[in-house]
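The values are calculated or read from the model by the stated rules, or taken from the named source; none is laboratory data. Being a predicted model, the structure only gives us computed values, none of them experimental. Because the Cβ atoms are built from the backbone with ideal geometry, glycine has one as well, and the counts that use them run over all protein chains shown.
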Ligand SMILES: C[S@@+](CC[C@H](N)C(=O)[O-])C[C@H]1O[C@@H](n2cnc3c(N)ncnc32)[C@H](O)[C@@H]1O
């Protein structure tokens with residue numbers, strides 16, 4: 001059984017629910033190219049519907065995308081028909097050794113059960129000295145109301161006996177430790193800082209409509225109860 005979280009169920013709504021401000025996205029894409037160089041052969045693992053890989057391809061990048069979810073890949077292909085794509089598990093890549101100059105993951109490893117194996121696969125397919133870029137498109141600067149809300153939400157769901165943890169990387173510490181174990185030298189870069197404005201109602205709707213993957217295994221009845229609680233308290 002595959003213990004990773006495929007996004008098949010999110011394919012039809014992913015693009016509407018994970019937008020990035022255009023200027024932010026443009027600067028982020030440039031930051032990737034500044035690191036990899038424009039001639040690099042890039043593998044985007046968990047490429048999804050192409051939120052990052054399509055702008056890179058549009059800039060002429062030599063990129064292959066792979067994902068566990070065929071439905072996500074089909075969306076990508078509809079938008080960029082010449083994209084080279086493979087349905088593949090990050091922990092068992094059907095790709096040659098020492099081939100890529102850079103491997104990207106953008107919001108993926110928290111979903112990958114065998115994420116330690118995946119990191120070893122990235123090292124295998126990378127050329128010696130190649131770069132692995134693990135990118136987050138949001139990382140709260142200081143105390144974030146969004147993360148606080150998420151904390152409330154999680155504690156209520158957990159109180160109903162539901163384990164909302166996703167199958168992959170649980171925190172930054174274990175991720176950095178594993179990178180160290182496999183001999184990576186790590187550098188952290190803040191490429192773009194931006195403000196994300198939303199109302200409480202909008203955030204609640206994201207939970208109620210199961211936009212976030214950590215809501216997917218919550219039974220309907222509990223989701224309803226916790227949503228009520230959420231609104232009352234906030
Ligand atoms: C949150 S989405 C991110 C998509 C894209 N990188 C982006 O930033 O928009 C995570 C993607 O990782 C894929 N995924 C999850 N586990 C995977 C695995 N073991 N191997 C490959 N892809 C995986 C999911 O199917 C999904 O498309």
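Structural remarks
- Hey, residue 124 within 16 Å of the ligand (Cβ to nearest atom) and surrounded by fewer than 17 Cβ atoms within 10 Å (Cβ to Cβ) or not: yes
- Within the stretch 100-131, the set of residues being in contact with a strand residue (DSSP E or B) (Cβ under 7 Å, 6 or more places away or on another chain) and in a loop (DSSP other than H, G, I, E, B) comprises 108 only.
- Close contacts from the stretch 160-188, counting a first residue that is farther than 30 Å from residue 220 by Cα and a second that is in a loop (DSSP other than H, G, I, E, B), with Cβ to Cβ under 7 Å and a gap of 6+ residues or different chains, come to 175/169; 176/186; 179/186.
- Within the stretch 191-215, the set of residues being loosely packed, with under 14 Cβ neighbours inside 10 Å and assigned to a loop (DSSP other than H, G, I, E, B) comprises 193, 195, 196, 197, 198, 199, 209.
- The set of residues in the stretch 216-227 being loosely packed, with under 11 Cβ neighbours inside 10 Å and assigned to a helix (DSSP H, G or I) consists of 220, 221.
- Test for residue 65: is it under 11 Å from residue 103 (Cβ atoms) and in contact with a helix residue (DSSP H, G or I) (Cβ under 8 Å, 6 or more places away or on another chain): no
- Test: residue in the stretch 25-33 that is under 26 Å from residue 168 (Cα atoms), under 17 Å from the mean Cα position of the chain (by Cα) and at pLDDT below 95: yes
- Selection from the stretch 111-146 of residues that are more than 17 Å from the chain's Cα centre (by Cα) and within 29 Å of residue 229 (Cβ to Cβ): 141, 142, 143, 144, 145, 146
- Failed item, numbered, when residue 43 is tested on (1) within 26 Å of residue 185 (Cα to Cα); (2) exposed (fewer than 14 other Cβ atoms within 10 Å of the Cβ): (2)
- Residues in the stretch 29-38 that are in contact (Cβ under 8 Å) with a residue 40 or more places away in the chain and under 19 Å from residue 83 (Cβ atoms): 32, 36.
- First in the stretch 127-156 and under 30 Å from residue 37 (Cβ atoms), second anywhere and loosely packed, with under 12 Cβ neighbours inside 10 Å and at pLDDT 90 or above, Cβ under 6 Å, 6 or more apart: 127/98
- Number of the condition not met by residue 174 [criteria: (1) surrounded by fewer than 13 Cβ atoms within 10 Å (Cβ to Cβ); (2) under 18 Å from the mean Cα position of the chain (by Cα); (3) in a loop (DSSP other than H, G, I, E, B)]: (3)
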